[in-house]
2 protein chains.
Amino acid sequence: MKMKLVGMVGLMVASLCYAQEGNFQPASTNVLDAQYPRVDSASRVQVRIKAPDATKVKVNFWSGPKMDMEKQADGFWTVTTPPQAPGLHYYAINIDGIDVNDPGSHTFYGGSKDASAVEVPEAGATYYLPQDVPHGQVREVWYNSSVTSSWRHALVYTPPDYDKNQAARYPVLYLQHGGGEDETGWTKQGNVNFILDNLIASKSAKPMIIVMANGYARRAGQATAQPGGPMGGPGMMQAMQQMMTTFDEDVTKALIPYIDKTFRTVPDRDHRAMAGLSMGGMQTFVVTFNHLDTFSYIGGFSGAGGMSMRGGPAPDLKTMYDGAMADPAAFAKRVHLLWIGVGTEEPAQMRTGIQGFNKLLEDGKVQHIFYESPGTAHEWQTWRRDLKDFAPRLFK
Amino acid sequence: MKMKLVGMVGLMVASLCYAQEGNFQPASTNVLDAQYPRVDSASRVQVRIKAPDATKVKVNFWSGPKMDMEKQADGFWTVTTPPQAPGLHYYAINIDGIDVNDPGSHTFYGGSKDASAVEVPEAGATYYLPQDVPHGQVREVWYNSSVTSSWRHALVYTPPDYDKNQAARYPVLYLQHGGGEDETGWTKQGNVNFILDNLIASKSAKPMIIVMANGYARRAGQATAQPGGPMGGPGMMQAMQQMMTTFDEDVTKALIPYIDKTFRTVPDRDHRAMAGLSMGGMQTFVVTFNHLDTFSYIGGFSGAGGMSMRGGPAPDLKTMYDGAMADPAAFAKRVHLLWIGVGTEEPAQMRTGIQGFNKLLEDGKVQHIFYESPGTAHEWQTWRRDLKDFAPRLFK
């Protein structure tokens, strides 16, 4: 009887603690068996790190809160954030002034380094998670680029049944990462394969091949133009233009021929799309408008081209991209989809630029889609949603 | 004349500095454009990190030197190591008592976290580097395991021309990572794809499929057994045995059927090999000897089974693995290759264990290959060399 009472009290205490502590679970982005960081159903994130000799420890979410952590008696520092937006959030732990990775989290290449990130689930959203549906493959390939004179690494999503239906040929989406990221971003951060698996299973999107290349294409000796790199000012702009030109050539003269030779594609413009996020969106607009004989679907995720983001002369539809959109009717016949999107919580400059481009297209009666991701910042949940809206519109 | 002299002096000074500083180059494992860590032709590694407020900074190579770094006037800390063995070395930077990643290095999953590593080139060795030869693909696949009741991630190397030669079927090597690593290790750290590309191009190895699964197979609720995990002592042993059993079942009941269904394999024991490093080597010996009807080639890289590494009764060839090797002639007919290897600089316990197993096999006249990697530790250069020796012996 006594034991039973003790047991009941124990249960009550446990239940009280549970209520007080929230229902925190280790993040899906953690390394095997790491208990922190963890997330509760209110989307609060708890971070914990051992730093017994540190004097000041903070957590810095790149697009979210920067908070002081509190030292515990056991040498661990902890903090619980307010509720966060759903999605994958890059973050660092700052120990006495130095940003370091959280050993509990897997790393994801962003900000030009392998950085920590934590996944906050979106209630009710399964479109980007592995479901019990047929799965495609993501293939690492290496192509010998005559443009950069180097072996270049790319990732290629092939849809379920690609290997089985040997007679089938598939349309191709070229999909680019953002600045400071690389070709692994759309799989590791973006879950591109699960998004497509699910869209294909529900017959919302056509089976397609998705090619993810490295956006930092350079000839030997060509300077870098990556964020955080040593360049800045005019040198930075020149380096970016050089990189843009090299990337354009690499995509059209090396990558596309390699893909069309290696995979069972439908190698024509009606079955070729390109999209990208942020820097990749800008690259997409340059490459596709330079090569409208090669692409007929265009997507800009938080990185639509054409708008001057930092002032400068207002763009003019009559002249921009060599006047490709000057005749909206002709453009609508030629380009099957012009798609732009932005998150409602992105920095004002980004929002203003893309909303302004949308207005320019609307005013000019250029057929297009404009999508706003509610409540999300310049982060991966915006781009996952973009892809979910964009991919079903392709190759219909 | 004056300018010319200044120029010459400048050149001399530059040349003197060059000699003094060595010919350091950024490591191939660095993130894009990171100048540190860097390596010179004498295989010395220079590490550099900004930590202006730190009081003590060290670099800890897991299998190499642990050295104090020196603070510079600009807030950076630097150190130059003595010459290092060739290969990929995991390391951490310790800032005031806390091990952190080097933001200049890519991360590699090892020690149960995404850890920094630096590649030290091996003079004259190109067998594990991308060469101008046909390249295979490395494919990410997801299989629904009825054993673990979960979607499991694996990587599959398909040889060059796999997609072209639709009539061809291929033998399969199952290749496992070590403890604290995962299925990405053999590609990211091991360069398995380049090793095989080069061996296949020179006709030293048969074209084959290589399957790399995650060795931490667990049923729901099953405890972990990873190094550094919360378990220890008897609980650790029990968890390891549980994991071993689950892994054995996952490989034979879920993974192999999935691979044989999904890829153009030759699905019989004569065309199926298994090997692994360290923990993966031990797993290989358990799985293959449990299923000699399924496998006929066996490789243990720094992790041969059967020897008690921590004392205990001496193994007996008559009884070990249910007496599979009791009749050496019968065993040699049945098992086409028994291969074990170890690096000469590995910890004494590892060396002694594997050398002892080699002696046991020799004394018992069990046909096998014993390979010692000169000058390398319990690290990836040992296992790359192992694979280079092992793969050409398969499927002949």
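What follows is calculated from the coordinates using simple rules that are stated; it is not laboratory data. Note that this is a predicted model, so its numbers are computed, not measured. Ideal geometry is used to build each Cβ from the backbone, glycine not excepted, and the neighbour counts take in all protein chains shown.
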| Based on the Cβ-Cβ distance from residue A:362 to residue B:219, what FRET efficiency comes out when R0 is 41 Å, to the nearest 0.05? | 0.15
| request: Straight distance only, please: which lysines reach the Cα of residue A:56 with their own Cα at less than 28 Å, same-chain residues fewer than 8 apart left out? | output: A:66, A:71, A:113, B:50, B:56, B:58, B:66, B:71, B:113
| message | Give me the extension gain from residue B:126 to residue B:201: residue separation times 0.36 nm, minus the current Cα-Cα distance, reported in nm with one decimal. | response | 25.7 nm
| message | Based on C-alpha coordinates, I'd like the Rg and Dmax of the protein assembly as shown, in Å. | response | 27.8, 105
| said: Using the alpha carbons of chain B, what is the convex hull volume per residue in cubic angstrom, as a whole number? | reply: 169
| request: Determine ³J(HN,Hα), in whole Hz, for all residues of region A:314-331 in sequence, where each value follows from phi through the Karplus function 6.51 cos²θ - 1.76 cosθ + 1.60 and θ = phi - 60°; x replaces Gly and Pro. | output: 5, x, 10, 4, 5, 10, 5, 6, 6, x, 4, 9, 4, 10, x, 5, 5, 5
| query | Distances from residue B:26 to the same residue in each other copy, label points 7 Å out along Cα→Cβ, in nm, shortest first? | reply | 3.4
| said: Under a crude label model (7 Å from the Cα following the beta-carbon direction), how far is residue A:23 from residue A:164 in nanometres? | reply: 3.7
| said: Suppose we keep just the DSSP beta bridges with both residues in the protein assembly as shown; what percent of those would be antiparallel, to 5? | reply: 65
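Calculated FRET efficiency, residue A:314 and residue A:344, Cβ-Cβ r, R0 22 Å, to nearest 0.05?
Using R0 = 22 Å, I get an efficiency of 0.40.
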| query | For residue A:261, what is the net charge nearby, where nearby means another residue's Cβ is under 11 Å from its Cβ and Lys, Arg count +1, Asp, Glu -1? | reply | 0
| said: Filter chain A for me: DSSP H helices, axial length by Cα at least 20 angstrom, mean Kyte-Doolittle hydropathy not below 0.5. List them by residue number. | reply: A:2-21
| query | Where does the charge balance sit around residue B:201 when Lys and Arg score +1, Asp and Glu -1, over other residues with C-beta under 13 Å from its C-beta? | reply | -1
| request: Give me the distance in nm between label points sitting 7 Å out from Cα along the Cα-to-Cβ direction at residue B:396 and residue A:72, one decimal. | output: 5.8
| task | Kindly provide the helix-only [θ] at 222 nm of chain A, computed as the sum of -39,500 (n - 2.57) over DSSP H runs of four or more divided by all residues, to the nearest 500 deg cm²/dmol? | result | -8000 deg cm²/dmol
| said: I need B:294, B:352 ordered by Cβ neighbour count within 10 Å, fewest first. | reply: B:352, B:294
| note | Inter-copy distances for residue B:66, nm, shortest first, label points 7 Å along Cα→Cβ, are 3.4
| note | Inter-part gap, Cα centre of region A:326-373 to Cα centre of region A:97-174, in whole angstrom, is 27
| remark: One computes Rg over Rh for region B:23-120 from alpha-carbon atoms, with the Kirkwood Rh, and obtains 0.93
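Order by neighbour count: A:98, B:93, fewest other Cβ atoms within 10 Å first, most last.
In order of increasing Cβ crowding within 10 Å: A:98, B:93.
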| said: Can you compute the label reach from residue B:329? Point 7 Å from Cα along the Cβ direction, backbone N cut-off under 19 Å, restricted to region B:281-297. | reply: none
| query | Taking every residue in B:29-39, how many Cβ atoms of other protein chains lie within 10 Å of its Cβ, on average? | reply | 3
| task | Calculate, for residue B:55 and residue A:35, the FRET efficiency according to 1/(1 + (r/R0)^6) with r their C-beta to C-beta distance and R0 25 Å; round to the nearest 0.05. | result | 0.25
| Stokes-Einstein D (µm²/s) once Rh is taken as the Kirkwood radius of region A:67-124 over alpha-carbon pairs, at 10 °C in 1.306 mPa s | 123
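Need one number for region A:127-280: average projected area of the convex hull over its C-alpha atoms, nm².
The orientation-averaged projected area of the Cα hull of region A:127-280 comes to 9.5 nm².
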